[in-house]
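J.: Sharing a structure here in structure tokens format.
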Amino acid sequence: MTGDALLFFNDCPQSIPLYAAFDEALKNRLGQVTIRVQKTQITYAAPRVFACVSRSRRKGESGILVTLGLGRRERSPRVAVAVEPYPGRWTHHIPIVSPEEIDEQLMGWVEEACRFAFEKRK
């Protein structure tokens, strides 16, 4: 994890272990990706953005919010919000509050989002 990522979580250091676990799982699953720390989110691209991580917005809750773009709507109860900003492109917001939630299902969606982002550029 970079120093920029640590600074990103400066206001909620209790979320750092969750982010570190997600970051490690993503890199283990997908290998080399581009990571960019911004003011409100950390983006992952290969070469297009396919996932974002932001701080949990729920008051008093430590956690992260993983945002993924898929070519379909995922109707899992784990998805807090799913919207279709463009036809055939669904944005999913998935809150993560424990390391156990960084599981095969989540990482499968991450991999699917990466493939979808790559295919969209063709």
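J.: Looking at the stretch 84-92, is at least one residue under 13 Å from the mean Cα position of the chain (by Cα) and either modelled with pLDDT of 95 or more or closer than 15 Å to residue 24 by Cα (or both)?
T.: Checked against the condition, which is being under 13 Å from the mean Cα position of the chain (by Cα) and either modelled with pLDDT of 95 or more or closer than 15 Å to residue 24 by Cα (or both), the stretch 84-92 yields at least one hit.
J.: Out of curiosity, is residue 82 hydrophobic (A, V, I, L, M, F, W, C), touching a strand residue (DSSP E or B) at 6+ places or on another chain (Cβ under 9 Å) and more than 19 Å from residue 5 (Cβ to Cβ)?
T.: yes
J.: Any residue at all in the stretch 35-49 that's free of Cβ contacts under 8 Å to residues at least 24 places away in the same chain, surrounded by fewer than 19 Cβ atoms within 10 Å (Cβ to Cβ), closer than 25 Å to residue 14 by Cα and among the charged types (D, E, K, R)?
T.: Yes.
J.: Mind listing just one residue for me: the one in the stretch 12-32 that is of a type outside the set (A, V, I, L, M) and touching a strand residue (DSSP E or B) at 6+ places or on another chain (Cβ under 7 Å) and, of those, farthest from residue 103 (Cα to Cα)?
T.: Among them, the one singled out is 12.
J.: I'd like the residue in the stretch 65-122 that is in a strand (DSSP E or B) and free of Cβ contacts under 8 Å to residues at least 12 places away in the same chain and, out of all such residues, is nearest to residue 12 (Cα to Cα).
T.: 82
J.: If I filter the stretch 24-35 down to residues being out of contact with any Pro (no Cβ under 8 Å at 6 or more places or on another chain) and among the polar types (S, T, N, Q), which single residue comes out as modelled with the highest pLDDT?
T.: Within the stretch 24-35, the match that is modelled with the highest pLDDT is 28.
J.: I've got another one for you. How many of the residues in the stretch 1-23 are in a helix (DSSP H, G or I), farther than 14 Å from residue 51 by Cα and either modelled with pLDDT of 95 or more or not small (Gly, Ala, Ser) (or both)?
T.: Total meeting the criteria: 11.
J.: Restricted to the stretch 24-34, and to residues that are assigned to a helix (DSSP H, G or I) and of a type outside the set (Asp, Glu), which residue is surrounded by the most Cβ atoms within 10 Å (Cβ to Cβ)?
T.: 26
The values are calculated or read from the model by the stated rules, or taken from the named source; none is laboratory data. What you are looking at is a predicted structure, and each value in this text was computed from that prediction instead of being measured. As a convention, Cβ positions derive from the backbone with ideal geometry for all residues, glycine included, and neighbour counts pool all protein chains shown.
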